[in-house]
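What follows is a set of notes on a single structure, which appears directly below.
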Amino acid sequence: VAREDSPGDIRLVAYVVAKGIGELQRHLRQFAAERLPEYMVPSAVVVLDALPLSVNGKLDRKALPAPAYTTGGGRGPVTLQEELLCAAFAQVLGLESIGVDDDFFALGGHSLLAVRLISRVRVVLGVEVPLRMLFEAPTVAGLAGRLRGSARARIALKAADRPKRVPLSFAQQRLWFIDQLEGPSSTYNIPFRLPLPAGVDSDALGAALRDVIGRHEVLRTLYAAGESEPFQRIVDADALAWELQVVEVAPDVLEDAIAEAEGCSFDLSAEVPIRAWLFEAGPDERALLIVIHHIAGDGWSEGPLSRDIATAYEARSAHLAPDWEPLPVQYADYTLWQRELLGDERDPSSLITRQMNYWREALAGIPEELMLPVDRPRPPVASHRGHRLPLVIPAAVHARLVEVARAEGVTPFMVLQGALAVLLSKLGAGTDIPIGSANAGRTDEALDDLVGFFINTLVVRTDLSGEPTFSEVLGRARETTLSALAHQDVPFEKLVEQLAPARSRARHPLFQVQLDLQNNVTDRVRQDTAAAGGTTDEVRAGSVAVKFDLEVRLFEVFDAAGAPGGLRGSVTAAADLFDTDSVELFGARLVRVLDAVTRDPGMLVGAVDVLGEVERRRVVVEWNESGVDLGSVLVPGLFEARVVGSPDAVAVVADGVGVSFGELDERANRLAHFLVAQGVGVESVVGVCLPRGVEMVVAVLAVWKAGAAFLPVDPEYPVERISYMLADGGVVLTLTCEEVLEGLPAGRVRLVAVDSAVMGVQLSMLPAIAPEVSVSAENLAYVIYTSGSTGRPKGVAVTHGGLANYARWAAGAYGAVGGVPLHSSLAFDLTVTSVVVPLISGAAVVVDEVGGVEGLASLVRSSGGGFGLVKVVPAHLPLLSEMLTDGQVAGVAGTWVVGGEVLPGSVVRDLLERAPGSVVVNEYGPTETTVGCSVFEVRVDDEVGSVVPVGRPIANMRLYVLDERLSPVAPGVAGELYIAGVQLARGYVRRAGLTAERFVACPFEPGVRMYRSGDIARWRRDGQLEFLGRGDEQLKVRGFRIEPGEVEAVLAGHPQVARAAVIAREDTPGDIRLVAYVVADDEVDDLTDQLRKYASERLPEYMVPSAVVVMDELPMTGNGKLDRKALPAPEFSGGAGAGRAPANERERVLCEAFAEVLRVPEVGVDDDFFALGGHSLLAVRLINRIRTLLNVEVEIAALFDAPTPAGLADRLAQEKQSASTRPTLRPMRNQKES
């Protein structure tokens, strides 16, 4: 059985029945060790006369006695080294003694205690123990054997002489810089709340707190700005003007008062970084709140701080001064020791250089930002406002977590880290997941009792590539975490400086998700604490200051018997990105993932399901409830019904001449008889290569009446392409006209000119009634060729059933009263709407022979518009706005159906401003799903974002956003769009392999196929679908995945931009840059600079194009889509110092200042400070230098917002010329420099 007779110490115990004990226990353990993995070998063997049984004859596990072993059993230490190690193990673990064969981790050790043990070993033995060695040899005996030949211990931390100015620690430097950049705020406050008895002596408490502040110099230190770097200014304890604030509040507003106090801000240059309030809420409730700025403390500081307060309060209550041992060192000593320990960065043998080399390799290519399913776009500057919600992981999951950790040879933190990485990956973050975690940083035992900011942040990448099992993920996490801990001396601040990630005020550098498992002694909370009225394990929901996008903080809870009682903590998220219900959902998903992977660590991480049953039903079923009975009549029958009902109504208008439904029907019937006579029948394919006009409409109807399918061929296509399509499509003959005939390829396919004199005679002799041909829903209606990835077009075979479903739905949804203009090629499947919908609705097809957007504009001008619907691509809308007056645009159509590409919201808004009575429908649908399968309507007063969604499925269609395992992804997560329903095409002509690859079995509907679109989409939380672009168009720049449509939509929103396209270019090997191409409404000076600034205010830094190219028009393919291959390379400027010369004295001075601080020969006006190696401390120096040279006041934030000399000069020019510089820093009275 597994027993936990000591809290947190779960051991496997064996009970056996045998005669005589002797050495049996030892022999049995050895016997088991030779046949079982180490973690399955019992820690103890208990010999019984008989096993206790229950009344029904089963083993009575509760009656099994506890084993008689104790820690420290077995052989004792033999050497002095073993003796010292035993003492160190026992001290760190809080035990009386241990044996040389006792396992450190089996006795409750974890990673934080491991760091303390290594520090202790360093002191007592004077050797350096790598953390990995302790994991590999976790017993005294094993470790002693490994220590032979270990390196000498690092220099000891001791109090030493101090220079006149003591620098800040590296961690403090970063917080000081952030304070300079963003100003005082509560973002880095650390609140400690202690419930107190009603009889607390406030005077004694205040005196005790002053004692503690006097004891710890860091709590009475100011941080002043020097010429080159900040320094510490320690206030003398006797000169300190500090008081405990006693506040009386009503009990019902106590929490609000505490929350307000927690939100205080510190002026680090003028006030000590600690405040305290004693809240008196009625006669019986007291609460002490201490707020320390993070620059002076960390989470581990709560232990020594609480102990010192208790000691001092006890003494002051007795009117005595506290009698405590002096601290061996102060924080100022630590900052000096830290620099001495790390050494010179220019010395290749120094500790910092060696460890930095590791981090440079470990973090190479790290994603600069994790893609998360956010509720709103990231703002250019983070507000640091956040939501915090409680997170509770059940005891059963906790128990399994502990078991998995022991079985896999990892720590509970590593299990949590692996599970969090799996969740983030399933939410769209990819397979390279960097997660930050706080490491105590107290690598010398002299720091154990010191308050201060020692915590260091480690970045650990979890590799989820290659479809691993969760066990394999844990193995990877163990290696990367141990390696990270072995190189933990490099301050996180140095990583940011040296690795130089792209600077952004919008996000945390290197990682945006933090995980902390607080498992030091004071954090191992027991449930009986809560039962006694404690509040340590309670997390209150509410608004808080945040540093990261997401932060998960947990601590372990154990019941009275020491068994795992669950994990408690919180999920904190940036309010800039997430709503509170999204944060709550994230916590629930994390619990779900933990539950799954601890039940079966051998499961593939790709098989982990993050969706609950309610969510799964929503995305699979509820958002796809589109079943509608539209009848069974096919399009030819629907047309014939219109002929019978309104034979004299106008069906087609061309060149101002109308053809009635009756006449159109007769002409189609005669041509159908001709086709049948030529051997055309059901499943035959007939080419239609005719210009837009009556004959084209007649030909389409005739082919259907003959039972065949038509294959549209654009007469403008190259001869080679036409020849391929006719041959590949199995065309039996092609209907064309004499004008086109001569340009068509000669070959085996018969060409028939329907307007020839001979043909006219033949047709006049044929019957005017339809041939008797029976066509079913499964038969072919048309074959349309689309571009193929192999360079050869592929034919999509669409059935009558699919076409009829779309046509009947569109006729009802769009309406066609007033006619529909035909201005695009029949070879483009969106044209099917313009032909079929009016014909089955009793409306006219109004032909424009010119074609394209120019032809449509001309048609509107000549006819006055008034169409029921117009079908266009997004590129047409801004062009039409240029070609038509506001009045003409307003009268074009009742419904604008837009499809083919991403539809920018700005384009729709502009159109509806000019045509407020119209409706814009964004219609999405690959050719393989018959024209359109999903729609989203926008009216004049509707809110629309930068990109218009594609909405919900139309009648009898279903949309699924799936991962690579065909599992539904969560709303907000990008995945591949799969489409099911009656409109699915049969497949690709003569491409059985490709058909099988793209048309796959639907896992949600037995016996049903679905089409793998290759498009990337995501569900919004309101159930509307967003199209993000083609999967093969998704860009990756500097590790970021970028959907070009999102950037294009933002640029298109600029008032001077008519069209925009964005691509990633690699014109220089290894240098991938985002480039935008725009068509401007008018000639505008500096439009490229304006657009980059415009984009930077609306997009994350990595999505702002590196260059903007203004063009007269964007190159288009034959079907009206962007021809990306024809876009020209931009002209980038060269390296540092290249580009234009300074335009004025201010720019010249700034260029020189940049060059001086960066230590480069010269800097150009457009060179980026951070791209040239600038970092936070250099930024401080540059700002100080600018203040001196130009006698102007400039904040550090200005450099982040405008990091080039030109940009900064422009910012300074906007400031008042009379702005004064800062006053010179002078020494303050009653303070000593230290």
Once Lys and Arg are counted +1 and Asp and Glu -1 for all other residues with Cβ under 9 Å from that of residue 737, the total becomes -4
For segment 345-386, listing trypsin sites (Lys or Arg not before Pro) in a DSSP loop whose Cβ sees at most 11 other Cβ atoms within 10 Å gives 346
Between residue 32 and residue 61, the FRET efficiency computed from the C-beta separation at R0 = 30 Å comes out, to the nearest 0.05, as 0.95
Everything considered on the Cα gyration tensor (a ≥ b ≥ c; rounded for a/c under 1.5, else prolate if a/b is larger than b/c, else oblate), segment 1145-1214 must be described as rounded
Nearest-0.05 FRET efficiency for residue 155 and residue 1159 at R0 = 30 Å, using Cβ-Cβ distance, is 0.50
Mean shadow area (nm²) of the C-alpha convex hull around segment 225-318 is 8.1 nm²
Shape call for segment 80-146, from the Cα gyration tensor axes a ≥ b ≥ c (a/c under 1.5 means rounded, otherwise prolate when a/b beats b/c, else oblate), comes out rounded
The helix 331-342 Cα axis meets the longest alpha-carbon principal axis of the chain at an angle in degrees, between 0 and 90 and rounded to 10, of 70 degrees
Going fewest to most other Cβ atoms within 10 Å around each Cβ, 639, 511 line up as 639, 511
Taking the alpha-carbon centre of each part, the distance from segment 355-399 to segment 635-685 in Å is 63 Å
Distance in nm between residue 146 and residue 227 label points, each 7 Å along Cα→Cβ, equals 5.0 nm
Among chymotrypsin sites (Phe, Trp or Tyr not before Pro) in segment 291-325, those in a DSSP loop whose Cβ has at most 16 other Cβ atoms within 10 Å are 324
Simple spin-label estimate for residue 353/residue 250, 7 Å along Cα→Cβ, in nm, reads 6.7 nm
Per the C-alpha gyration tensor (a ≥ b ≥ c, the square roots of its eigenvalues), segment 374-507 is rounded if a/c is under 1.5, else prolate if a/b beats b/c, else oblate; here it's rounded
If one compares the long axis through the Cα atoms of helix 395-408 with the longest principal axis of the Cα atoms of the chain, the angle in degrees, nearest 10, works out at 80 degrees
Set 871/1125; 705/794; 426/494, cut-off 28 Å on Cα-Cα distance; pairs above it are 426/494
Computed over the chain: longest principal axis from alpha-carbon atoms vs helix 719-728 long axis, angle to nearest 10 degrees, is 90 degrees
Extension length gain for residue 1152 and residue 607 (0.36 nm per residue less Cα distance), in nm, is 190.5 nm
Of 833-845, 283-295, 718-730, ordering from highest average Cβ density within 10 Å down gives 833-845, 283-295, 718-730
Restricted to the chain, the DSSP antiparallel beta bridge percent, nearest 5, is 70 percent
Simple spin-label estimate for residue 997/residue 362, 7 Å along Cα→Cβ, in nm, reads 4.1 nm
With residue 755 itself left out, Lys, Arg at +1 and Asp, Glu at -1 over residues whose Cβ is under 12 Å from its Cβ give -2
So, relative contact order of the chain in percent, Cα under 8 Å, 6 or more apart, is 8 percent
When 648, 963 are ranked with the fewest other C-beta atoms within 10 Å first, the list becomes 648, 963
Rounded to the nearest 0.05, FRET efficiency between residue 543 and residue 1113 (Cβ-Cβ, R0 51 Å) equals 0.55
Partner aspartates and glutamates whose C-alpha sits under 12 Å from that of residue 158, ignoring same-chain residues fewer than 8 away, are 333, 340, 444, 445
Expected unfolding gain across residue 621-residue 260 under the 0.36 nm per residue rule, minus the alpha-carbon gap, is 125.4 nm
Expected sort for 740-750, 1157-1167, 923-933, 1105-1115 on mean C-beta neighbours within 10 Å, highest first, is 923-933, 1157-1167, 1105-1115, 740-750
The residues 107, 209, sorted from fewest to most surrounding Cβ atoms within 10 Å, come out as 107, 209
For 1073-1086, 1049-1062, ranked highest to lowest by mean beta-carbon neighbours within 10 Å, the order is 1049-1062, 1073-1086
For semi-axes √(5λ) of the Cα gyration tensor in Å, with candidates (1) 54, 41, 32; (2) 62, 39, 36; (3) 69, 40, 27, the value calculated from the shown model is option (3)
Mean separation of Cα contacts under 8 Å (at least 6 apart) over the residue count of segment 78-227, i.e. the relative contact order in percent, is 17 percent
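Taken together, the values in this text are just the output of simple stated rules run on the coordinates, not laboratory data. Please read all numbers here as calculations on a predicted model, not as lab measurements. No Cβ is skipped: glycine too gets one built from the backbone with ideal geometry, and neighbour counts run over all protein chains shown.
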